[in-house]
Structures are given as structure tokens and as C-alpha cells.
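The values are calculated or read from the model by the stated rules, or taken from the named source; none is laboratory data. Since we're looking at a predicted model, the values are computed, not measured. Cβ: placed from backbone, ideal geometry, glycine included. Neighbour counts: every protein chain shown. Surface accessibility is based on the protein's heavy atoms, side chains included, excluding ligands, DNA and RNA. Shrake-Rupley method; radii C 1.70, N 1.55, O 1.52, S 1.80 Å.
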Amino acid sequence: MTNKDEDKKKSLMDLATLEDFAHIKPASIMAMSNSLHFHTLEHALREAAQIAENTGDAAAFRAYNVLAVVCSYHFNPSRPDTFSPQIIFKGKRTLIPSDYLGEQQGVLVQIAEQIDHPLLRARIADSCWYVNRRLHAVAALASSSYLNAVELFFKKELLDQYESDFAVPFKVVDLIDRAFAIYASAGKRNEIPGSAKEVLKQAYEMAKDNECLVAFVRLSPIAQSSGLLEWQEIAAVAEALAQATKDKQYAEVVKKVWLHAARAYLKVDDKESAVRCRVNAVEQTLRMRDSVSTAMAKASWTRSAIGELRAIGGMAQRIEFLKKELQQHEDDSLSEFGSFSVPMDLTDERRATIEEFEPLDVHEMLLRLAFTSRAPDKIALHKNCLEKRDKYFFSSMSGKSYADERGKVIATAAHVPHGSEPSGAWFDHESLSEAGLHYHIATEAFIRPACITMSRCQLIDDRHFEPIVCRSEFVPPGFEAIFSQGFSKLVQGDMVSAAHLLIPQLENALRHVLNSRRSNTAKLNVDLTQEDQSLKQLLSNYWGEIEQVFGVDNTYLFHILFNLKGGPMLRHEVAHGKLSTAQCFEPSCIYACWFIFHLTCVPLSPHWSSVIAGAIQEISS
């Protein structure tokens, strides 16, 4: 690090000395705030720093500012990164404990015990121990201070700023959790002071007696690992609490208690009781279903319940009953689907396409049609997905589900937390909307106007495509007539025939190309018989080789247009007879048929004028 960098770092951290802290009297912090919340403390300390700065008291400003920064760390008691930045934005972040290494940390270690506010004392000690695990005495001070803050809360000397309705708020559980985590990490699990156990026992009993379910679920395992409780007792109390609150507290929380009881029973090898508790947990899932108003949401909760019952096993009768309810909810959900439209003016593009095709001969028309569009750029699609995630923050916080025309969910896509690396599946599903827009523009602005103009200006039928399909390396031998008829139907606008002729041929054409490269695309079954791999298997097993032949963008289009669940899934829809008449005229289907024509013509483009054009002209004359 250069001297300039060191000076910049020092200026950001505002080093406060022992004399600075002595100046503000560390034993007087409680008089400034008796809050149980770090951010309230931070606010009070920043106000004090601002007053000190305004009055020219530099020592007080430095001391209060450092304490405010210590209170600003984001607290994650249940995660390895216990202290993380309060704010991360555009490559910058607020300070974290490791920024206070060296002289400033040494000062904080020395003044920690002088702080009268137990929460601030705990934060200083904990953050110092967090970055230097050899500070054993500081670790003990952090744990005892966290528990001292809990004691003062129960005595109402420290206040919960948000006035929780629960006798043991979530914040208090966080402090206890962190205190006992420090004991364990410091190797003191078997040397926990009796006073610490008393605070834990008091909090546990209050949570149990006041039906603080979340606190009970979190505190009881800590009490068990500390030797205060046995799993049998936890199981019995958890089941009794869940039974008592099953109809009056929030279903998700009651469900957690039932599952906690099930885990506790499994610890003592009581499998029958564990199953009973898990079944009751499923009833809470159904209770959540009954609390929602839409059929789509009811179907979602019903599916969750079926999955939970399958995991338990032996619930076939109950599952069958729920399946019937699921079907009814899915049917009812169809009336809840809506559509929206986005105005798009493609008049100029259509006119340009028509004017381009009108003066052409047949062989020129077919060549221009083959290259009137191209597959969407994979990298651009993924870049747009990331930009949308950053721009539309709230929409990226939830996952997505994809339903078919009968309301059945056929695919789901999990959300990716902001800042996390998305998976390939996330990119695939997020790319569908962008790709759909590409299909629409390409179809309405170029492909359909071109086909309409060709049919109006020329009489084009199967024979005009014979020179193309007979010479294309993409068309398997013996299938030329199917391809030529499908292409002529595409140009003539008979999309029902075109779709059902061309789309089933894609898989076999890919197999033919791979076999031509001496790749064995057959699979060997358990009974030693062989069969060809499906499109899904071809893409899974030969993705790299397909990319070498067809390119990155075309290969990706094979996946999101023909294969991906949740997308148009055209290969599946046609193979299973599910592609309706209306769907044949949708942009995705028209684009798919054009795309197959494009792939057929690509290997012929270098020889078009010398070979293909003359053959087509001869047929046309």
C-alpha cells in the first residue's frame, strides 16, 4: 500500500486515542440512550459527534464517531460473517471490524470494559474478538455483556424501541444466540458460567409461558446443548405449544414448532411421534392455503402440502384427496389469468420488408427469407437479465412459476438474491421474456411480411425448395419431401401444417448432423437395447459439440425455444399433440419454423449463386 493509500485509509477511520475516550467518559453512555437496538445507539452517538464537531471538540468528535461506526455494522448472529457492511453500493461499502485493525483495535480493547452500556460494550468486545480470536478475555466480556443487556431488558432498564408484543422479542434471542455462539467458538462450551445459564433459562421459560413460538424454537436447542434441557422434554413442550396455538397464531410459525417437535422426537428415536408432528405441520400448510383468496395461491399451497406428505410416506389416501382439490384449484385459477399488451409500431419495418421482396426472383426471395433475421444474442440476453434484476429490485426478490393452459405448474424458477451469482437455469428463464420480444419483432416485421409478399408475387410450392433440401447437410436423407412441404406451407401461411411438419424434424436433424461427425447419439438401456436420445438428452450430452457446429446463439435457441420447461417448449408440445391451432400462429411457432429453414440454408449460402439459384430458376421457368 502506498503512503497515499495509508493516509486515505486513516482519514476514513478517524483514529480515536485513549485520551479521546477518557474525554467523553465511557461510563456515561447509558445516560445518552437506554435502547436495546444498535442503530438507535448509532444515531445517538452520531448526534453527539455532530454536536462535538460544531463546538470544535475534536477529541469528543473522534471518540463518538468511532463508537458510532462500531454500532453501524450489520449484525448477523446466525452466520459466519457476523458483522457485515451496513451499506454496499456501486462497489463501495461502509466500514467493518477488519477496517479497525492495528492501533484503533488496541484502543477499543482497552476501553471496552469501561463502557457502562452493556450492548455497546458487547459490540466493541465482539467486533474486536471477531477479527482476533486470540483475545480470549475480550470474547468472555462480549458474551457476558450480551447477556447483561438481556437481563436489563427483562428488568425494563433497557428498552425495545419497537415495543414488541412478545415477551421475548427476536432481538433478545439474537443476543442470547450470539453470546452462546461465542462461548462455543472460544472453546468454552463446557465452562459456561452459571449466570449465563440462568439468563438463558429465564428467557426460555418466558418464551414457553408466553407462547413466544419463534423464541422457543431458537432457544430450546441452545438450552439443550448447554445441559439445561433434554430432547424428550423439548419434544413434549413443543408439541403442547403447537397444539395450544394451532388455530390462533400465524400458521407458518406454528408449523415451525410442529417440525421442531418432530426433530426432537427423532433425537430420542420416537419415530411414531415424529410422524404425528410432521402430519400436523402439513395441516398448518393447508391452513395457510385456506387463508388466501385466489385459486392460484390455493393451488400453490396444496402442491406444497402434497410434497410434504410424500416426504413423510404412507399418506397415499390423503395425497389422493389433495390431488383432487389441487385439480379443482388449478381449474379455478384459469379465470384469474390476464393478459396485457404493449403498443409497438412496426409499420416502417413491414413496408421496408415488402419493398425489399417485391422485385426479387424466387431464388433471391428464398435466400433473403433465410437470412431476414437471426437468433437472439445469448450474451446480450444475459446482460439484459442482469440489468433488469438491478433495475427492478422488488421483482427480483421472488421466484417464478410457469403454468400450462390447464393451470398446472410445469416449471419453477427460484429467485437469486441481489449480489449473488445467478445460475444457468435462472438466466434461461429470465431470458424467455427478452427472447419472446425478439420472436415477435422478427415475425411481425420481417418473416410474415416476407412470406405474404412472396405468395402474392410468386407461385411458390414444394418443388422450389427441392434444390435446397436435397443439398443441405442439415436435412437427413429420406426426409427431403417433409422439409420441402413444410417450407412451402410456411411461405403460404398454412402454419398448422408447417408447424406439425417441421418442428418434429429438428431433433432428428440435429442427430443426423452429430452422427455425420461420428458422434454416437444412441443410448444403451439396462436391458442392453439401444435407442436414440431425445432433444433434451442431445443438448445435455452434446452441448459443446452442437455449439461448435451451429454456434453459441443458435444452440441456446434450441434450448429456450424448443426444450426449456416454462418456455414455448415446442418440441414437447408437438410431440405430445398439445400444440393447438391458435398456438401454431403465435410468433414463437412461426419463428421456429423459419429458424429451421434458416438452419437448412446456412450451409448452402456460399454456393447459392453458383448452384442453388440456377436449379430454382430452372424449376420456375
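With runs of 4+ DSSP H residues as the only contributors, calculate the mean residue ellipticity of the chain at 222 nm using -39,500 (n - 2.57) per run, divided by the residue total and rounded to the nearest 500.
After summing the helix terms and dividing by residue count, I get -19500 deg cm²/dmol.
Hey, if we sort Tyr392, Tyr265 by accessible area with the 1.4 Å probe, largest down, what's the order?
Tyr392, Tyr265
With contacts defined as alpha carbon pairs under 8 Å and 6 or more residues apart, what's the relative contact order of segment 166-321 in percent?
Relative contact order, segment 166-321: 16 percent.
Suppose each label sits 7 Å from its Cα in the direction of the beta carbon; what would the His74-Asp532 distance come out to in nanometres?
Simple spin-label model gives 5.2 nm for this pair.
What is the calculated FRET efficiency for Thr581 to Leu437, with r their C-beta to C-beta distance and R₀ = 22 Å, to the nearest 0.05?
Working: r = 24 Å, r/R0 = 1.09.
Taking R0 as 22 Å, the efficiency between Thr581 and Leu437 is 0.40.
Give the lysines reachable from Lys323 as a straight Cα distance under 19 Å; neighbours fewer than 8 places away on the same chain don't count.
Hits, sequence-local ones excluded: Lys298, Lys408.
What list of ³J(HN,Hα) values in whole Hz, one per residue of segment 378-390 in order, does the Karplus curve 6.51 cos²θ - 1.76 cosθ + 1.60 (θ = phi - 60°) give from phi, with Gly and Pro shown as x?
4, 5, 5, 4, 5, 5, 5, 4, 5, 5, 5, 4, 6
For the pair Ala240 and Gln110, how long in nm is the line joining their label points, each one 7 Å along Cα→Cβ?
5.4
When the chain is fully extended, how far beyond the present Cα-Cα distance does Ser84 get from Val496, taking 0.36 nm per residue of separation?
Contour length minus the Cα-Cα distance gives 142.5 nm.
Less than 19 Å from a label point 7 Å out along the Cα-to-Cβ axis of Lys324: which backbone N atoms in segment 264-289 qualify, by residue?
286
Report, in whole Å, the centroid distance computed from the Cα atoms of segment 419-463 and segment 206-220.
Segment 419-463 and segment 206-220 have Cα centres spaced 57 Å from each other.
Heavy atoms only, probe 1.4 Å: what % of the accessible area of segment 182-290 goes to carbon and sulfur, would you let me know?
On the way: 2400 of 5140 Å².
Carbon and sulfur: 47 percent of the exposed surface of segment 182-290.
So what is the accessible area of the chain per residue, in Å², with the probe set to 1.4 Å?
Dividing the accessible area of the chain by its residue count gives 50 Å².
Ranked highest first by the average count of other Cβ atoms within 10 Å around their residues, in what order do 320-331, 299-310 fall? Kindly include the intermediate steps, with their values, before the conclusion.
On the way: 320-331: 15.6, 299-310: 19.1.
Packing order, densest peptide first, comes out as 299-310, 320-331.
Cα axis of helix 347-357 to longest principal axis of the chain: angle in degrees, 0 to 90, nearest 10?
Helix 347-357 and the main axis of the chain meet at about 30 degrees.
Give the angle, between 0 and 90 degrees and rounded to the nearest 10, that separates the Cα long axis of helix 271-290 from the longest principal axis of the Cα atoms of the chain.
It is inclined by approximately 70 degrees.
Cα atoms only, the chain: Rg and Dmax in Å?
34.2, 103
For the chain, calculate the relative contact order in percent as a whole number, restricting contacts to Cα pairs under 8 Å that are 6 or more residues apart. Mind showing how you got there, number by number?
On the way: 747 pairs, mean separation 49.9, N = 621.
RCO, the chain: 8 percent.
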